[in-house]
Amino acid sequence: MSSATAQATLKKSRLLGDTLLVTSSVVFPLIGLCIFFCYPLFLVAGKSLQLADGTYGIANYINVLTSPGIVKAVGNSMILSVSTTAFCLVLGFAVAFALQRSGIGGKRYLRGALSLPLLAPSLVQALGLLFLLGRNGLVHKWTGWDIEIYGFWGLLIANILYALPQAILIIEAALRQSDARYYEAAEILGASKWRQFLDITLPNAKFGILSAGFVVFTVTITDFGNAAVIGGNFKVLATEIYSQVVGQMNFGMGAVIGILLLLPTLIAVYIERVASQKQFGGSSESAIPVSTGFYAKRDVPLGIFVHTIGSIAVIVVITVIMASFIKLWPYRMTFTLANYNITLSGGYAPLWTSLLVSVEAAVLGVIFLFFLAFSMKRISPKLAKIVYLLAVLPVGVPGLVLGISYVLAFNVSDNMLGVLYGSSFLIALCNFYHYHSQGFLTMVTGVRAVPPSLEETVSCFGGGNFRILRDAVLPFMGPTIISVFFFIFMRSMVTLSAVIFLISSKVSVAAVSVMRLDEAGFTSQAAAFSTCIMITVILAMGLMNSLIHLYSKSGSRKEEIKNNQDGSQKRGFARMIDRNYCWTST
Amino acid sequence: MKSFSIKNVRIFATGALLGLAVCSQVQAGEITVYSALEEDEIADYLAVAKKSLPDIEINVLRLSTGDLGARIIAESANPQADVIWGFAVTNMADKKIISQLEPYKAANSESLPAQYRAEDGSWFAATGYMGAFCVNTEVLKSKNLPMPQSWADLTNPVYKGEVVMPNPASSGTGYLQIAAIIQGAGEEAGWKLIDDMDGNMAQYTSSGSKPCKMARAGEYAIGASLSFVAMKSVEMGYPISMVIPSDWAGYELEASGLVAGSKNKEDAKKFLDWTLSQEAAEVYAKYKAIITIPGSKPSEMATAAGLPENLSEVLYPVDFAKSAMERPEILKKWSATTAK
């Protein structure tokens, strides 16, 4: 009798703990989104309705929609974003597949090579392409070929380089888990490899591919940096915002374009609908990981292809690193270290601020995003839909607009939010929310790959959400969590467009130093500073990686992760339990 | 110079460690200055200013003209700066910015010629820069092109696809160039010139210094840009010749003013006084094409780059008020003229 009561109390408290876990998993990240994304954006929306004389109305919208050139900019932006998306999905899938499912060599190198565009300041990409493919670039000098890099094609190349790593990040999370038994069954039924790819691999990665496509499309349509450097006379929407806000100091018109750029994120509604449909297969607790054996017919061409893409990313960066050791590129090609003697704008000090800011952004980001993604399946579908939309909206906001929205929201003297203004922590928050969508979509893709039956197993053994989290979700999510952490870390080290509105006379970051050096005419010093940032990022990542390694070695979770990764062994916990036993005993 | 950077290191380190820098608390003797002057000039000027104003801690936020303008407007509800220093007068004259200033007649400002200061004392300009062509002599040689001397020369079809200039809709430099052409040549002839040049234009860039950087990298032969970048490029050893267009060289003044919301007006005023001192004029000479302070000598760099001693010979007297007022109309017409 008393033991029954005790059990009931236990159950009750566990239930309470469960609810508490799910509630706080949603509530805290949601409060963050509201304060640090929705509220600032709301103020920008207000600006878009404010007219030059201080009154309110929709005149700005009419002005934008009827201004000459806007139709062309919309058309150009669409063509560019659609092409970039098409290329990035094909290339991104090839690379993610090569990394996760094939037996090609040099995977670690390839992974590193393709993260370069994420950890390099935007100046590096711009200079690299110019030094290589410009009218006076190396390719022209060596081959005499007159390339016209400025315009659509140059912009397409630059955008692909920038967006591809983000596509890979998400698609990889989708390809991480699969079940060899589907492939075995298909084999027995006589399906060709190609058929298997079309009917098993692709459908299973559907959500990841759609999400990646959404991210690529949106980052391309909102990107200003590449368009300004290499777009030539190919005018896009983001350059229109820039000339309205920065060129003509016309916030209202800029805000209108910023709001209009949110429209593409409506695609996300469709992705969410697809996602809520039951995906065939999914993985199960008894899944036998697909072997990553080497099939010459598939892996040799695939290997050559993906390594070629990787090499392009490497060559662009190497060129700039080389130029940083040159006296006067391309006229006096003598070696010098002088460019590394940087005394302007605080010397190398902003680099340390950046490091701090980026670690803050990444830690905060991973915690919020992981719990938010984890709770998506555990809250009502209606709420989940709203959370999903809010969480993917930030990718539709250009950095310039986000930065200004932060000034409007946090440069206040009459309430608590004002305390953050001018601090490096606000920069960290801004960087996290700037890349919120990519991190969230990667996490959600990763969580979807966790076998539902494994969660059920834990649950019917009496494990609450907390146990599910610890024993089922976390072990599967290890690699995805780490890749999201590094993604936010890398972007936060180098992102510029929003940050220039948040630095103060006392707090500045590394990316701003690069911009200032370049603006003051010291291009080689800017290249040298960029090189230092890249080295710092790589060293910091190496250090953090070995820390994670060390930690996971001491814990038993390591085994789980390892088993997931090599896949040759049975999955300890999951395999021990027979699902039937679970059902019959309850 | 050294003490400036060490101080900065310390400030950055503390700021980074604290995470939350408490900057709403203004210390006595500390001012925040927003400036669009270049990074290296600021470091030099401050090193000198420190000696004359040892009790004032001067914190400078440096951004490009456009970015700084956007920042100042966005912050207008709660202004963070005490002083705006060296900011394009065309932008300063914008209603959204000038309304944040408080008239202050700095010591020595009365001695400036009238066109270099606001009537009500809300701004004054100690320095300025001008529109200039950056011509890459190596590209000229390899393509066998003549040296251009004026805007009119740029309509010559031999330069087709070899000229770059800033887009006036996104760059102040671009605007000062076409404003000077239109005011100088007159409406009709001016627009015809712009239309004719458009045929040779390889691209319109979003930033004003970009055309010069493209020219010096050898991407294009001629970049219509700024005297500042041109002189810097010559000094750094690029094969660049600076050409001040002989017909209508547009110029821009770098204005300074006192922010009405300043919490430390006393020190802000002391600093503004300093920016017009003879001592300041001497350091300006190291960088500036135009120095308005009476009795100051032109810089060595300016002479080396071929600037005449008497600037009024080459500067077209731009009417800034007119130029700011007509801006929307001119930009609209420019878009129509150059739309391809």
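Along the axis of the charge dipole computed for the protein assembly as shown (Cβ charges of +1 for Lys and Arg, -1 for Asp and Glu, origin at the Cα centre), the listed residues B:V234, B:A268, A:G542 are led at the positive end by A:G542. Between the alpha-carbon centres of region A:376-392 and region B:209-256 there is a gap of 54 Å. For the pair region B:45-66 and region A:287-325, the centres of their Cα atoms are 49 angstrom apart. Residues A:I533, A:I500, A:I342, ranked from the fewest to the most other C-beta atoms within 10 Å, line up as A:I342, A:I500, A:I533.
How high is the relative contact order of chain B, given as a whole-number percent (alpha carbon pairs under 8 Å, six or more residues apart)? Averaging sequence separation for qualifying contacts and normalising by length gives 24 percent for chain B. Here the Karplus curve 6.51 cos²θ - 1.76 cosθ + 1.60, taken at θ = phi - 60°, turns the phi angles of region A:440-449 into couplings of 5, 5, 5, 4, 4, 4, x, 4, 4, 7 Hz, with x standing for Gly and Pro. Karplus-derived 3J(HN,Hα) values for region A:175-180, using 6.51 cos²θ - 1.76 cosθ + 1.60 with θ = phi - 60°, are 8, 4, 10, 7, 10, 4 Hz; glycine and proline are entered as x. Close amide H pairs (under 5 Å, H built 1.01 Å from N) link A:K327 with A:T334, A:T336, residues at least 5 positions away or on another chain. Computed from Cα positions, the angle between helix A:523-554 and the longest principal axis of chain A comes to roughly 10 degrees. Applying 1/(1 + (r/R0)^6) with r as the Cβ-Cβ distance of B:D120 and B:E329 and R0 = 25 angstrom yields a FRET efficiency of 0.45. Under the criterion of Cα pairs below 8 Å and six or more residues apart, the relative contact order for chain A equals 22 percent. Free of any GluC sites (Glu not before Pro) that DSSP assigns to a loop and that have at most 11 other C-beta atoms within 10 Å, the longest stretch within chain B is B:120-308.
Viscosity 0.692 mPa s, temperature 37 °C: what is the translational diffusion coefficient of the protein assembly as shown from Stokes-Einstein with a Kirkwood Rh over Cα pairs, rounded to a whole number of µm²/s? All intermediate terms of the calculation are to be shown ahead of the outcome.
Numbers: Rh = 29.5 Å.
In µm²/s, the coefficient is 111.
Between B:P103, B:P168, B:P54, the Gaussian network model of chain B with springs among Cα atoms under 10 angstrom shows the greatest mean-square fluctuation at B:P54. Between amide H atoms placed 1.01 Å from N, distances below 5 Å from B:S150 occur with B:S246, all of them 5 or more places distant or on a separate chain. Close amide H partners of B:Y104, meaning residues 5 or more places away or on another chain with modelled amide H under 5 Å apart, are B:S122, B:L258. Principal-axis analysis of the Cα atoms of chain A puts helix A:267-276 at an angle of about 10° to the longest axis. Each residue, A:I318 and A:K107, gets one label point 7 Å from its Cα in the Cβ direction; the gap between the two is 2.4 nm.
Can you give the helix-only mean residue ellipticity at 222 nm for chain B, where every DSSP H stretch with n ≥ 4 adds -39500 (n - 2.57) and the sum goes over all residues, rounded to the nearest 500 deg cm²/dmol?
Numbers: 15 runs with 140 residues, N = 340.
Helices in chain B give a 222 nm mean residue ellipticity of -12000 deg cm²/dmol.
Each residue of region A:481-493 was assigned a 3J(HN,Hα) from its phi angle through the Karplus expression (A = 6.51, B = -1.76, C = 1.60, θ = phi - 60°), giving 4, 5, 5, 5, 4, 5, 4, 5, 4, 5, 5, 5, 5 Hz with x at Gly and Pro.
Report summary: the helix-based calculation at 222 nm, which adds -39500 (n - 2.57) for every DSSP H run with n ≥ 4 and divides by the residues of chain A, gives -22000 deg cm²/dmol.
No lab work stands behind these numbers, since they all come straight from the coordinates. From a predicted model like this one, the values you see are computed outputs, not experimental measurements. Virtual Cβ from ideal backbone geometry, glycine too; neighbours counted across all protein chains shown.
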